[in-house]
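Notes for the one structure printed next.
The values are calculated or read from the model by the stated rules, or taken from the named source; none is laboratory data. Because the structure is a prediction, the values reported are computed rather than measured. All Cβ positions, even for glycine, are placed from backbone atoms using ideal geometry, and neighbour counts span all protein chains on display. Ligands, DNA and RNA are excluded from the accessible area calculation, which covers all protein heavy atoms including side chains. Shrake-Rupley method; radii C 1.70, N 1.55, O 1.52, S 1.80 Å.
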Amino acid sequence: MKRIALGALFLFLTTASFAAETERYFVATRRPVRDVRASAVTRDLGNAVQRRIQTFGIVNGFTASLTAAEAASLRTSPDVRYVEPVVDRYLHAVGGPLSKPGEQLVPYGISLVRAPEAWLGRLSGEVNVVIVDSGIDHNHAELKDAFKGGVNTIDPAASTMDGIGHGTHVAGTVAAAYNNLGVVGVAPSVRLWAVKAFGDDGRGSMENVIEGLDWVVAKKKAEGGRWIVNISAGGPNGSAAEGEAFARANAEGVVVVASSGNESKVSAPVAVNFPAAYPDVVAVGAIDEQSAYATFSNQGPELDFAAPGVRVLSLSLHGTDTVSYVRAANNQIIDVRPLVGSKKEAFRGEYVNCGLGTASDFGPHVQGKIALIQRGGDTFADKARRAKEAGAAAVVFYNNVDGPYYWTLHPEEDPDAKNYPWPVAVGMSMADGQALVAKGSGVITIGLDPDDYTLRTGTSMASPHVTGAIAQLWALAPNATPNQILSALIATARDLGTVGKDNETGYGLIDVTAAARLLAPSAFGRTGRRFLKRH
């Protein structure tokens, strides 16, 4: 094949006979591809649609689906510097361990609230953040340097160690260290404290919360400084005593931030939970990665701000979590979640469509394979048990509607389920499951890699974004009052939904950098503190 000049390059790609045996290649060119008129790329596309030509501005070149012979021919072009296969890259949240030496992710929520730019400011004071929750894993590499202590209000003789991971996840969004490891929080330079007011069953009481507030106020009086409390918990009923406790904490200069609750539905909104509904508490609702209001987020006039609360990446208890995924044909990575109770090990094998997982859907064809089962009808436990007893080595469930898939093999109505030897069982979205069904069969790999990071959803995940924002602002402007900090956040919030303050997102999405520059413009001079941004 003759050598191809850049002017004819796209014509070659649009007119050459398309072969099925193609790979994705990057073609590096000697001059910017953007110099080629867009019409030259898009005119008479023909089979170039299948070639998925993608041009770039940041580097001279483009990607396309090519045969090996076509790639070899392009290498001879005087306008081409080199041609190389496109190698796979995986999101750390779904494609492998999230923590690798020298690597660090900035979770989407941290970027969405524009925290990284605020790290460029010069910090002038220390800020104390208290997580009133299920405790904190203070041995976690991301938190151990920030952690300063705390109190257990459920059992004063016990430690504040987290037993279920909720408080640790919340703490990570606030304060995960900037350390070239895992993730980073909104305010990675705070002093972190734990009030363990909720047990390993996730339950606590206003008594435990009030005792925690009492401890915070006493600690502030003893040590001085700036103090913020995050409470990612609540309930539908208020309490006069609890309300007074929060009013007192506010009067002592303690800022309290709380989540609004997760009970709302599109057709049935639910009021903001307490303590978020108290007038002395900053109430936070949840939005997703596209800044869309999360329909589960409780709402009402008490709501102050919105922050990321859908599939938020943060910390899990050290050594207890996994990164889960399915690797399909062509190394495609499919996001999945293991069901509660699933066996925690990887498995590779052929999958077979087992419909709804009824007794008639199983037979000898399932032996040693992965059963692909649609949600609906019987419980996941019933379906997984049938699959295992039919000889299936693993199970993949897929949703029957668009939406989250957080499922369990331990239904409340089946107390024996916790003792059953479940196979590997993961869940995936409706679209991904339907794509596997359409293909018919094939070999897939179910990956369950150990990790110290996890995704969680809820307003519990939204409130620490605001807590971290307040902490970062206070560290940049240590002489500011709580009201001045909140006023700066209100003035710079990005309005969402209905114009003005509304019941779904309050004043809107917080903007840490805009608020910081409004509140402490002098902190962003040449001597400002520098952090390397990573995505």
Next item on the list: List the number of the failed condition for Ala177; all other conditions in (1) more than 25 Å from Tyr108 (Cβ to Cβ); (2) open to solvent by 10 Å² or more (accessible area, probe 1.4 Å) hold.
Entry: (1)
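To keep it simple, each residue is scored yes or no on (1) modelled with pLDDT of 95 or more; (2) open to solvent by 50 Å² or more (accessible area, probe 1.4 Å).
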{"position": "Ile446", "(1), (2)": "no, no"}
{"position": "Asp451", "(1), (2)": "no, no"}
{"position": "Leu455", "(1), (2)": "no, no"}
{"position": "Gly458", "(1), (2)": "no, no"}
{"position": "Ala462", "(1), (2)": "yes, no"}
{"position": "Asn479", "(1), (2)": "yes, yes"}
{"position": "Pro482", "(1), (2)": "yes, no"}
{"position": "Val512", "(1), (2)": "yes, no"}
{"position": "Arg517", "(1), (2)": "yes, yes"}
Notebook entry, point to check: With Asn262, Asn273, Asn208 as the choices, which residue is under 31 Å from the mean Cα position of the chain (by Cα) and open to solvent by 50 Å² or more (accessible area, probe 1.4 Å)?
Noted result: Asn262
Next item on the list: Take the stretch 121-146 and flag every residue that is open to solvent by less than 40 Å² (accessible area, probe 1.4 Å), over 21 Å from the mean Cα position of the chain (by Cα) and of a type outside the set (Val, Ile, Thr).
Entry: Gly121, Gly125, Asn128, Ala146
Check: When both residues are 6+ apart or on different chains and their Cβ atoms are under 8 Å apart, which pairs have a first residue that lies in the stretch 297-313 and is within 11 Å of Met461 (Cβ to Cβ) and of a type in the set (A, V, I, L, M), and a second that is in a strand (DSSP E or B) and open to solvent by 10 Å² or more (accessible area, probe 1.4 Å)?
Finding: Val312/Leu455; Val312/Arg456; Leu313/Leu105; Leu313/Thr454; Leu313/Leu455
Next item on the list: For the stretch 220-234, enumerate the residues that are surrounded by 16 or more Cβ atoms within 10 Å (Cβ to Cβ) and either hydrophobic (A, V, I, L, M, F, W, C) or free of Cβ contacts under 8 Å to residues at least 60 places away in the same chain (or both).
Entry: Trp227, Ile228, Val229, Ile231, Ala233, Gly234
Next item on the list: Just one of (1) of a type in the set (Val, Ile, Thr); (2) in contact with a helix residue (DSSP H, G or I) (Cβ under 6 Å, 6 or more places away or on another chain); (3) open to solvent by 10 Å² or more (accessible area, probe 1.4 Å) trips up Val340, so point out which.
Entry: (2)
Next item on the list: Output the residues belonging to the stretch 355-386 that are under 19 Å from Val401 (Cβ atoms), open to solvent by less than 40 Å² (accessible area, probe 1.4 Å) and not in a strand (DSSP E or B).
Entry: Gly355, Gly357, Gly376, Phe380, Lys383
Note to self: Residues that are at pLDDT below 90, within 29 Å of the chain's Cα centre (by Cα) and open to solvent by 50 Å² or more (accessible area, probe 1.4 Å): does the stretch 426-444 have at least one?
What the structure shows: no
Note to self: Can you go through Thr492, Thr498 and tell me which one is hydroxyl-bearing (Ser, Thr, Tyr), surrounded by fewer than 18 Cβ atoms within 10 Å (Cβ to Cβ) and free of Cβ contacts under 8 Å to residues at least 60 places away in the same chain?
What the structure shows: Thr498
Note to self: Just to verify a result, which residue in the stretch 283-299, among those that are touching a Pro at 6+ places or on another chain (Cβ under 8 Å) and either within 11 Å of Gly261 (Cα to Cα) or hydrophobic (A, V, I, L, M, F, W, C) (or both), is surrounded by the most Cβ atoms within 10 Å (Cβ to Cβ)?
What the structure shows: Ala286
Margin query: Residues that are more than 30 Å from Ser259 (Cα to Cα), in contact with a strand residue (DSSP E or B) (Cβ under 6 Å, 6 or more places away or on another chain), assigned to a helix (DSSP H, G or I) and not hydrophobic (A, V, I, L, M, F, W, C): does the stretch 415-430 have at least one?
Written below: no
Margin query: List pairs: first residue in the stretch 388-404 and among the basic types (Lys, Arg), second residue part of a strand (DSSP E or B) anywhere in the structure, Cβ distance under 8 angstrom, at least six positions apart or on different chains.
Written below: Lys388/Val395
Next item on the list: Give me a count of the residues in the stretch 204-249 that are touching an Asp or Glu at 6+ places or on another chain (Cβ under 8 Å), part of a strand (DSSP E or B) and more than 15 Å from Ser134 (Cα to Cα).
Entry: 1
Item checked: Members of the stretch 189-203 found to be at pLDDT below 95, open to solvent by 10 Å² or more (accessible area, probe 1.4 Å) and in a loop (DSSP other than H, G, I, E, B), listed by number -> Ser189, Gly199, Asp200, Asp201, Gly202, Arg203
Notebook entry, point to check: Would a scan of the stretch 303-312 turn up a residue that is outside any strand (DSSP E or B), open to solvent by less than 10 Å² (accessible area, probe 1.4 Å) and in contact with an Asp or Glu (Cβ under 9 Å, 6 or more places away or on another chain)?
Noted result: yes
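The rows are residues; the columns are (1) of a type outside the set (Asp, Glu); (2) at pLDDT 95 or above; (3) in contact with a His (Cβ under 9 Å, 6 or more places away or on another chain).
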site: Gly253; (1), (2), (3): yes, yes, no
site: Lys265; (1), (2), (3): yes, no, no
site: Gly285; (1), (2), (3): yes, yes, no
site: His318; (1), (2), (3): yes, no, yes
site: Asn330; (1), (2), (3): yes, no, no
